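Working notes, structure below.
The values are calculated or read from the model by the stated rules, or taken from the named source; none is laboratory data. Since the model is a prediction, treat every value here as computed from it, not as a measurement. Neighbour counts are summed over all protein chains in view; Cβ atoms, including those assigned to glycine, are modelled from backbone coordinates with ideal geometry.
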Ligand code: ANZ
Ligand code: ZN
């Protein structure tokens, strides 16, 4: 018998599937519902790592299964190919980023094909293709027309190493998400998308989505909507009320009676204005200068020792107590949130509490946790919960939630909603990106490039190093930059900034519906056929940026009339990370990296796929286990060896034929156990795949093999078994299906088998024993036991005996497998 040798079968079937166009999805397939099974398209870094396999080969099980259940499945793949890494690698190796990127795409495509996944390569797209990015530019123009793309001077995050701007979402812990460089703040003019216009919808529309709770929470926190109030404080200097006043944003106006001082952010413009009134201005100025050197992250750190300086000579007046309170400057208050000033309530805000303790400022309790016992406990930290008001004049006793708006009104304040979300800075001063399609004319200002002139192609460049002055390298290509103004016809200049790659990736799924369309981003017909995406499987690292941007762009295009849906992804599932066998993140420096190519060579793609799916729950981070993959390899070997009985039957048949016997009785398996195991597996494995519980699906297959391995299955049973294996290990299933069983059509065109309910029922049932309709006992009995037998057992029950003492049974009601009711006098 032949040994299981994946290297002999896998390439062969991959070529066969491609030649037969098995996974090319038609936009309409008669009677079949469409399903785009979407995974996040990779960045062409040059080499597939095991994480790519996890992200693409495992969801392929889902795509294949859904195809078998009768859906018209599209499993698309593409490349998110612009971006800094290509540019940096190109600078380092002195090659063109395009050459570098295209070489990587070619190599990775080959590697991707070795997965044996059911990708529809006919729809492959790449964001660096002018046929693609003309639509990225088109999207920009549409948003520009609507006032959703604009240019403004802002304080931006600047990575000194990459010499480019970063979006807020790209700054993690105060550092560049790409190279960990400390990010500084720089004021420059930038192109921005007005995502803040969508802040409320980005929060509210989450409710209708079938998404992981963690992802929804991450999005909510990112938008950071807080309901609060703006409260005005009058200012007094040397005991005299001044004409100026200042405003604070608070989410707890109910605590206003407990506001015992105010704190301004170091950036607050009023400090400068009050210079002459502030007696210790030199000291204040010094503090402000020191604060400028700190990152936002350190400033926000809750536990950090608080610092600050009082603004001597001026006071604020609490609008409800009318008391004069001191004003401070402290770096824990941020300049770019709310009004850049807070009313400090040390009794009910921990940061204020720590500050007050350090500088010996008054602490006044105004929310009582144990009302109506008016003795408020003295706490050694702030009480931040709700409660009832005390020491708050006519509001005493009121519930704090209610008091919020009553006190706001009383103090002449106004309700206000604040958002943490800032507009999306999309321009980058770098070469390797989509040119922003606008022209700057000295006379007419910024003019959009006309739609018919798209794409604005990225010119070939020799020197793509970023300039020290922060301008894009494109600024050096004079021939490209110089262009006539579309409005007045005078000489003007092209915009030399390029777009953040997150713009490219926030609409790519729409293009999959109609990837070759030259007239439109995608035709309405194909959009309707495929979108919104019913299932999007990807990494938890995209919980905010990519998913938020895609949602924004979808909503904007919907408002503009190009899309008919408000949310791009109806269901979203996250996968975890594969860790090294030491439980640490895989990295070259740790030496714990697993190379999928090596594994494929050693075990074959089927084993690698199946092991990845078997490792554990798909959404968890799981360490690689070298013994685990051996186990799965053995399992596939057992499946291979299991073909023996069938094979020998074939041999038997040939032998019979040579004796002139044409009809050989198929062995009839009356083995209920085998039939039961198969039917159970059809249902359970199918349900598991549908719910992305791949690991338990594979345990189900293992159980099934245990149950049937030593039986001689009928051909139908054996084929069913292979169909269940097919989504997980597509090559071995195809090999046996066609080469051993002699089927002429691919197993991957077969339907997922149907199961018979009757085999799913338990063999043991709980049977209720009643007397006159009252339950007296429960019997665990074999299914389908006859009435006489049950009655006999019932009369044997101690409890029944007790209740029947001295009585006679008049009638018996029996419901098979459910109950027996003895009616007595
Ligand atoms: C008084 C108060 C009393 C507050 C209390 C809290 C508890 P979120 O939920 O994040 O919106 N705050 C306002 N502007 C700030 C700024 N620029 N920098 C730092 N902190 C600022 O937080 C809003 C609360 O954070 C506001 O409510 C304010 O403190 C503070 F018992 O006002 B609160
Ligand atoms: Zn002009």
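For the stretch 112-135, the criterion of a residue being closer than 17 Å to residue 36 by Cβ, out of contact with any strand residue (DSSP E or B) (no Cβ under 8 Å at 6 or more places or on another chain) and not in a loop (DSSP other than H, G, I, E, B) is satisfied by at least one position. Applying the criterion of being in a loop (DSSP other than H, G, I, E, B) and over 20 Å from residue 427 (Cα atoms) to the residues of the stretch 478-497, the residue that is farthest from ligand 1 (Cβ to nearest atom) is 489. So if I check each of 277, 225, which one is modelled with pLDDT under 95 and either touching a strand residue (DSSP E or B) at 6+ places or on another chain (Cβ under 7 Å) or farther than 26 Å from residue 300 by Cβ (or both)? Every option except 277 fails the conditions.
Applying the criterion of being under 44 Å from the mean Cα position of the chain (by Cα), within 16 Å of ligand 1 (Cβ to nearest atom) and assigned to a loop (DSSP other than H, G, I, E, B) to the residues of the stretch 365-379, the residue that is modelled with the lowest pLDDT is 379.
The set of residues in the stretch 440-495 being free of Cβ contacts under 8 Å to residues at least 40 places away in the same chain and either within 16 Å of ligand 2 (Cβ to nearest atom) or within 20 Å of residue 135 (Cα to Cα) (or both) consists of 445, 450, 452, 453, 459, 481, 482, 484, 489, 491.
Among the criteria (1) within 16 Å of ligand 1 (Cβ to nearest atom); (2) closer than 30 Å to residue 407 by Cβ; (3) in a loop (DSSP other than H, G, I, E, B), the one residue 294 does not fulfil is (2).
Scanning the stretch 514-524 turns up one or more residues that are more than 16 Å from ligand 1 (Cβ to nearest atom) and touching a strand residue (DSSP E or B) at 6+ places or on another chain (Cβ under 8 Å).
Give the residues of the stretch 425-461 that are part of a strand (DSSP E or B) and over 21 Å from residue 148 (Cβ atoms), sorted by residue number. Scanning the stretch 425-461 gives a single hit, 441. Filter the stretch 272-286 for residues that are surrounded by 12 or more Cβ atoms within 10 Å (Cβ to Cβ) and touching a helix residue (DSSP H, G or I) at 6+ places or on another chain (Cβ under 8 Å); which is farthest from residue 420 (Cα to Cα)? It comes out as 278. Number of residues in the stretch 82-99 that are free of Cβ contacts under 8 Å to residues at least 12 places away in the same chain and outside any helix (DSSP H, G or I): the value is 2. Among the numbered conditions (1) in contact with a strand residue (DSSP E or B) (Cβ under 7 Å, 6 or more places away or on another chain); (2) surrounded by fewer than 16 Cβ atoms within 10 Å (Cβ to Cβ), the only one that residue 793 does not meet is (2).
Only one of the listed residues (323, 302, 289) is modelled with pLDDT under 95, surrounded by fewer than 17 Cβ atoms within 10 Å (Cβ to Cβ) and under 20 Å from residue 349 (Cβ atoms). That residue is 302.
Results for (1) over 54 Å from the mean Cα position of the chain (by Cα); (2) modelled with pLDDT of 90 or more, shown as yes or no for each residue.
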position: 725; (1), (2): no, yes
position: 730; (1), (2): no, yes
position: 743; (1), (2): no, yes
position: 751; (1), (2): no, yes
position: 772; (1), (2): yes, yes
position: 781; (1), (2): no, no
position: 805; (1), (2): yes, no
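If you check residue 765 against the conditions, is it closer than 25 Å to residue 673 by Cβ, in contact with a strand residue (DSSP E or B) (Cβ under 9 Å, 6 or more places away or on another chain), surrounded by 14 or more Cβ atoms within 10 Å (Cβ to Cβ) and free of Cβ contacts under 8 Å to residues at least 24 places away in the same chain? Judged against the criteria, residue 765 is not a match.
Within the set 206, 155, the sole residue that is touching a strand residue (DSSP E or B) at 6+ places or on another chain (Cβ under 9 Å) and either at pLDDT 95 or above or surrounded by fewer than 17 Cβ atoms within 10 Å (Cβ to Cβ) (or both) turns out to be 155.
Residue under question is residue 800, and the condition is that it be over 30 Å from residue 704 (Cβ atoms) and touching a residue at least 40 places away in the same chain (Cβ under 8 Å); does it hold? So residue 800 does not fit the description; no. Of all residue pairs spaced 6 or more apart or on separate chains, those with beta-carbon atoms under 9 Å, a first member in the stretch 341-360 that is over 19 Å from residue 319 (Cα atoms) and more than 16 Å from ligand 2 (Cβ to nearest atom) and a second member that is at pLDDT 95 or above and assigned to a helix (DSSP H, G or I) are 349/255. Would you mind stating whether residue 520 is within 16 Å of ligand 2 (Cβ to nearest atom) and on the phi < 0 side of the Ramachandran plot? Criteria not met by residue 520. Restricting attention to the stretch 462-477, the residues being within 37 Å of the chain's Cα centre (by Cα), buried (at least 17 other Cβ atoms within 10 Å of the Cβ) and part of a loop (DSSP other than H, G, I, E, B) number 3. The single condition among (1) touching a residue at least 24 places away in the same chain (Cβ under 8 Å); (2) part of a helix (DSSP H, G or I); (3) closer than 24 Å to residue 106 by Cα that residue 15 does not satisfy is (1).
Residues of the stretch 263-291 that are within 40 Å of the chain's Cα centre (by Cα), under 17 Å from residue 248 (Cα atoms) and not in a loop (DSSP other than H, G, I, E, B): 263, 264, 269. Scanning the stretch 422-449 for residues that are under 21 Å from residue 193 (Cβ atoms), surrounded by fewer than 20 Cβ atoms within 10 Å (Cβ to Cβ) and out of contact with any strand residue (DSSP E or B) (no Cβ under 7 Å at 6 or more places or on another chain) yields 422, 445. The set of residues from the stretch 700-718 being surrounded by fewer than 22 Cβ atoms within 10 Å (Cβ to Cβ) and without any contact (Cβ under 8 Å) to a residue 24 or more places away in the chain comprises 706, 710, 716. Only one of the listed residues (312, 351) is in contact with a strand residue (DSSP E or B) (Cβ under 9 Å, 6 or more places away or on another chain), more than 15 Å from ligand 1 (Cβ to nearest atom) and not in a loop (DSSP other than H, G, I, E, B). That residue is 312.
Report yes if some residue within the stretch 196-212 is closer than 30 Å to residue 494 by Cα and either under 16 Å from the mean Cα position of the chain (by Cα) or away from ligand 1 (no atom under 16 Å from the Cβ) (or both); otherwise report no. Yes, the stretch 196-212 has at least one match.
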